[in-house]
């Protein structure tokens, strides 16, 4: 996986945890058969999946956001549905609706695409706010309410959404409540010149995504998510997470700081990242690495701060530099 966090020390020995590394490696290798030069991005998506969270992929068109989401879906042995978000998409097109059956003279529920284990919401910001709000309950509570009835969604349930940040015509920016439901917001980024050469070579004769097959079953994924919760988080690392979150709330240029849900997101993703990288415990570097992806879309700067050209990413960098980091000896003890 990533080898930039100093050797990622000891392999897991706790019962039930050793499979996380193998499963993550299998998923990474499967997706990398199609997606070139984005191992860090793929790792982040896998961490979100193992944390039982949803991912918002944001970048310019043609970068491979939708392709990445499709590769992840095909590599998981889960049911998959795709929502092509457009302004005329209705909430009932997402959740489903009751249809009158003339043969039985009864109304029968016809499930919408949200009743799948992996759902791709392509260009989610093209859907109207009313349709976007239909996803809120599903993302947070893993259920939907239709005609006064509550219907549970299958487990695992993962929403992968894409959006184009530069095209504003015909789009509806996601409100803060919607953004807060996404565990991570990840930008894919342009490939390097060397990667572009490999892309042309790889896609010259066929689309390699057609050759992908599941490498992790849905039931197994639920077990792996549960296993990641066993990763130890020392008291000093817990306090570090809390201090970082509170620093976003107390920053003079921030209107809306990180919420308790965001704090839990940092905690869970740090556990999953440690597990993926082969450790039974979380270190402060895990937290520092994940904070931009988990908190940036949840921290709202003041209007004047935004007008001065300062972004949430810059504020978070400032926060991480200002909060004292616990020494590694303390964080890996216990």
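The values are calculated or read from the model by the stated rules, or taken from the named source; none is laboratory data. Just so we're clear, the structure is a prediction, and the values are computed from it rather than from any experiment. In this analysis, Cβ positions are derived from the backbone assuming ideal geometry, glycine residues included, and neighbour counts consider all displayed protein chains.
Taking the listed residues 276, 231, 327, 303, the one that is touching a helix residue (DSSP H, G or I) at 6+ places or on another chain (Cβ under 9 Å) and farther than 19 Å from residue 24 by Cα is 327, with no other qualifying. Taking the stretch 235-254 as the range and being outside any helix (DSSP H, G or I) and buried (at least 19 other Cβ atoms within 10 Å of the Cβ) as the test, the residues that pass are 251, 254.
Contact map, the stretch 303-316: residues that are assigned by TED's automatic domain parsing to the domain that holds residue 293 and surrounded by 12 or more Cβ atoms within 10 Å (Cβ to Cβ) paired with residues that are at pLDDT below 85 and part of a helix (DSSP H, G or I), Cβ distance under 8 Å, separation 6+ or inter-chain. Pairs shown: 315/305.
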